[in-house]
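Step one of this worksheet: look at the structure below.
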Amino acid sequence: MRYRGRFAPSPTGALHFGSLVAAVGSWLVARHAGGDWLLRVEDIDPPREVPGAAGGILATLDAFGLHGDGPVVYQSQRQALYEAAFERLREAGQVFPCWCSRADLAPYGGLHRDGHCIAPPDPSRPPAWRLRSPDETVRWNDDLQGPQEENLREVAGDVVIRRVEGLWAYQLACVVDDADQGITHVVRGADLLDSTARQIHLQRLLDLPTPGYLHLPLVLDAEGRKLSKSAASLPVDPADPLPALRQALAWLGVAVDRGATMPDGLLATAQEAFKPAALRRSSLTPAPAL
Ligand code: GLU
């Protein structure tokens with residue numbers, strides 16, 4: 001089967017260095033495999049969305065020489081697909097309405113378990129919908145991080161799949177889209193490693209194929225904290241892509257060509273030099289010097 005990878009940013013801010021590493025990493029693995037690399041904007045959470053961020057991220061990727069194959073997919077335009085998947089789960093008795101608040105669940109570590117609601121049903125307001133989480137350990141092999149396992153009940157509990165406002169949870173939309181877009185391999189940051197068991201569980205419930213997974217080490221700041229779009233981390237500069245692109249490649253463990261003067265040229269040589277086995281596995285290993 002032809003390799004199909006993707007980069008799926010949420011438009012919650014400008015592209016920062018941590019996201020650039022995930023974009024470059026997923027691009028390199030896809031191109032190395034002779035496959036496609038698709039772009040998907042995960043704009044299913046309007047309250048967290050920053051106006052203009054989606055366009056800004058796409059323009060920045062373009063300036064960095066990271067061009068997707070085929071049209072960009074926007075999750076905001078795919079409600080019907082998520083609705084259909086949700087209905088299927090509902091018919092199978094895998095989801096249930098829930099009126100519990102965060103405060104209700106606080107004594108239980110914030111987790112909802114065993115389909116057991118603490119708050120009574122309240123027909124006067126809309127419920128959230130949760131996915132039943134079995135006491136089951138999901139095992140999979142991450143192409144970079146090695147064998148993984150996670151007990152769904154212990155780690156995640158009954159997760160919200162449709163929010164009170166009617167918004168879809170990332171896990172559902174991601175699983176539906178990865179399958180619909182024919183994604184064979186997911187390469188993304190290690191902050192999503194613990195979402196993978198939930199996603200595999202959903203794939204099994206919905207009879208969808210499970211892609212390969214590869215989780216890249218997270219870029220940490222000088223204090224060892226995760227760089228994220230919500231934290232104060234500097235956006236990369238689309239007007240001067242080469243320095244950040246060199247740094248991203250070095251971070252990933254890919255030899256960089258000092259002579260390249262354009263992002264496309266730098267990426268082309270990186271693609272030639274790239275060996276998946278040389279990918280850096282942990283944030284704690286020092287990055288090679290530029
Ligand atoms: N939209 C997610 C993010 O920006 C990534 C989702 C994924 O790669 O599965 O963090």
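Quick notes
- Residue pairs whose Cβ atoms lie under 6 Å apart, separated by 6 or more positions or on different chains, with the first residue in region 72-90 and farther than 26 Å from G115 by Cβ and the second open to solvent by less than 50 Å² (accessible area, probe 1.4 Å) and among the acidic types (D, E), are Y74/D43; Q75/E42; Q75/D43; S76/D43.
- Candidates V164, V138, V176, V160, filtered to the one that is surrounded by 14 or more Cβ atoms within 10 Å (Cβ to Cβ), among the aliphatic types (A, V, I, L, M), touching a Pro at 6+ places or on another chain (Cβ under 7 Å) and at pLDDT 95 or above: V164
- Matching residues, region 151-171, being part of a helix (DSSP H, G or I) and within 16 Å of L193 (Cα to Cα): L152, E154, V155, Y170, Q171
- Candidate set: region 199-219, residues that are more than 11 Å from the chain's Cα centre (by Cα) and without any contact (Cβ under 8 Å) to a residue 60 or more places away in the chain; chosen: the one surrounded by the fewest Cβ atoms within 10 Å (Cβ to Cβ): D207
- Some residue of region 40-54 being without any contact (Cβ under 8 Å) to a residue 24 or more places away in the chain and open to solvent by less than 30 Å² (accessible area, probe 1.4 Å): no
- Residue in region 95-105 that is exposed (fewer than 15 other Cβ atoms within 10 Å of the Cβ), of a type outside the set (S, T, Y) and under 30 Å from V186 (Cα atoms) present: no
- The residue list V72, V29 contains one member that is surrounded by fewer than 20 Cβ atoms within 10 Å (Cβ to Cβ), touching a helix residue (DSSP H, G or I) at 6+ places or on another chain (Cβ under 7 Å) and closer than 17 Å to G5 by Cβ, which is V72.
- Any hit, region 6-26, residues being away from the ligand (no atom under 13 Å from the Cβ), farther than 18 Å from R246 by Cα and surrounded by fewer than 23 Cβ atoms within 10 Å (Cβ to Cβ): no
- If the condition is being assigned to a helix (DSSP H, G or I) and either open to solvent by 10 Å² or more (accessible area, probe 1.4 Å) or within 12 Å of the ligand (Cβ to nearest atom) (or both), then region 179-198 contributes A179, D180, A190, D191, L192, L193, D194, S195, T196, R198.
- Of the residues P126, P107, P147, the single one that is out of contact with any Phe, Trp or Tyr (no Cβ under 7 Å at 6 or more places or on another chain) and modelled with pLDDT under 95 is P107.
- Residue that is farthest from the ligand (Cβ to nearest atom) [pool: residues in region 27-44 that are in a loop (DSSP other than H, G, I, E, B) and under 20 Å from A278 (Cα atoms)]: G34
The values are calculated or read from the model by the stated rules, or taken from the named source; none is laboratory data. Since the structure is predicted, the reported quantities are computational estimates derived from the model, not experimental observations. So basically every Cβ, Gly included, is an ideal-geometry build from the backbone, and we count neighbours across all protein chains shown. Just the protein is used for accessible areas: all its heavy atoms, side chains included, with ligands, DNA and RNA removed. Shrake-Rupley method; radii C 1.70, N 1.55, O 1.52, S 1.80 Å.
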